[in-house]
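These notes are about the structure you will find just below.
The values are calculated or read from the model by the stated rules, or taken from the named source; none is laboratory data. Everything numeric in this text was worked out from a predicted model, so none of it was measured. Every residue, glycine among them, receives a Cβ derived from its backbone with ideal geometry; neighbour counts consider all protein chains shown. Heavy atoms of the whole protein, side chains included, go into the accessibility calculation; ligands, DNA and RNA do not. Shrake-Rupley method; radii C 1.70, N 1.55, O 1.52, S 1.80 Å.
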Amino acid sequence: MSARRAGRTLHGGRVAYAILVLAVLVSAFPFYWTIVAASRSNADLAKVPPSLLPGPNLIRNVEAVMEEADIGKALLNSLIVSGSITVGTVLCCTLAGFAFAKLRFRGRGALLAITVGTMMIPPQLGVIPLFMLIAELGWVNQLQSVILPGLVSAFGVFFMRQFLVQALPDELIEAARVDGASSARIFWSIVVPIARPGMAVLGLLTFMAAWNDFFWPIVALSSQNPTVQVALRQLGGGYVHDQSVIMAGTLLGTLPVLLVFGLLGRQIVGGIMQGAVKG
């Protein structure tokens, strides 16, 4: 680990490397244990001490997951729900964040305060009226009942507003105005390229939250049309829960999140480095 600052090369040293290696091991161990547990039998997991090496039962446990729950349909539903919520949240929150950060209009401060204030309201308070609304619309057990309530988040609006206040110079917008660009043209041609690192961070956080959401999908959907988290509830049934099958289902449900992080990780790191250079 080294960095150049003021013409000097700084080395992290052995202590820094030891701390980083320990942090990586502690962070990666839960996922490694999921792989181990998913490839073992329930009897192996009950042994003391348990084995820390993967076993030969991964394929069999995955087949058991497929038999006990419609995990393929659940993965597809979760991809549709999480992808739609992520795209909608990133787009809408970037638009709103740009308006709150750089546009001047009456009541801007009050609207922003109300938006931020909604984060203090527990989501559970809105479950009953929200369910009554989707029942009136005939959306019960349909994916739009999970997608539409999550298309905009107050946190996302505030996050993008704070990002654009720092990253988007007023002079750039004024120059675009002088050239005759409309607000829509400024947004697509100037704001979106500058806001891409923040959008990537918000997209990753939103996707993970939507993918892991259990409370509202279990209310709005049934086991015939589930998301991954709802489908995992059906695994390992019986008098003694089969932890290896549950872990195999958890492993299947975790892989898409890792894929999304792999796709957006470079943007996130680039955004962090870009902010560090600007600071």
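The trypsin sites (Lys or Arg not before Pro) found in the stretch 79-125 that occupy coil by DSSP, while having at most 10 further C-beta atoms within 10 Å, are Arg104, Arg106. Extension gain for the segment Ala209 to Ala16, taken as residue separation times 0.36 nm less the Cα-Cα distance, is 66.3 nm to one decimal. The string of couplings for the stretch 50-67 from the Karplus curve (6.51, -1.76, 1.60, θ = phi - 60°) is x, 6, 9, 10, x, x, x, 9, 4, 4, 5, 5, 5, 4, 5, 4, 4, 6 Hz, one whole number per residue in order, with x for Gly and Pro. Across the chain, Cα pairs under 8 Å and at least six residues apart give a relative contact order of 30 percent.
Label-to-label distance for Trp33 and Gln234 is 2.8 nm, based on points extended 7 Å past Cα in the beta-carbon direction. For the stretch 126-136, the Karplus equation 6.51 cos²θ - 1.76 cosθ + 1.60, evaluated at θ = phi - 60°, returns couplings of x, 5, 5, x, 5, 5, 4, 5, 5, 5, 5 Hz by residue, with Gly and Pro reported as x. In this structure the stretch 14-276 gives 57 Å² per residue of accessible area when probed at 1.4 Å with all protein chains present.
Please label the shape of the stretch 1-145 as rounded, prolate or oblate, based on the square roots a ≥ b ≥ c of the eigenvalues of the alpha-carbon gyration tensor (a/c under 1.5 means rounded; beyond that, a/b larger than b/c means prolate, else oblate). Here the stretch 1-145 falls in the oblate category. In this Cβ point-charge picture (+1 for Lys and Arg, -1 for Asp and Glu), the chain has a dipole of about 1200 debye about its Cα centre. Annotation for Val127 and Glu174: the two label points, set 7 Å from Cα along the Cα-Cβ direction, are 5.2 nm apart. Projecting the Cα atoms of Val228, Ile85, Gly180 onto the charge dipole of the chain (Cβ charges, centred on the Cα centre) puts Gly180 farthest toward the positive pole. Looking at the stretch 89-184, the chymotrypsin sites (Phe, Trp or Tyr not before Pro) that sit in a DSSP loop and have at most 15 other Cβ atoms within 10 Å of their own Cβ are Phe105.
Within the shell defined by Cβ-Cβ distances under 13 Å, the residues around Ala195 carry a net charge of +3, with Lys and Arg each +1 and Asp and Glu each -1. Karplus-based coupling profile of the stretch 245-262, in residue order and whole Hz: 5, 4, 5, 5, x, 4, 4, 4, x, 8, 4, x, 5, 5, 5, 4, 5, x, with θ = phi - 60° in 6.51 cos²θ - 1.76 cosθ + 1.60 and x standing for Gly or Pro.
Charge tally for Glu174 (other residues, Cβ to Cβ under 13 Å; Lys, Arg +1; Asp, Glu -1): 0.
Evaluated at q = 0.07, 0.17 Å⁻¹, a Debye calculation over the C-alpha positions of the chain (equal weights, vacuum) places log10 I(q)/I(0) at -0.38, -1.30.
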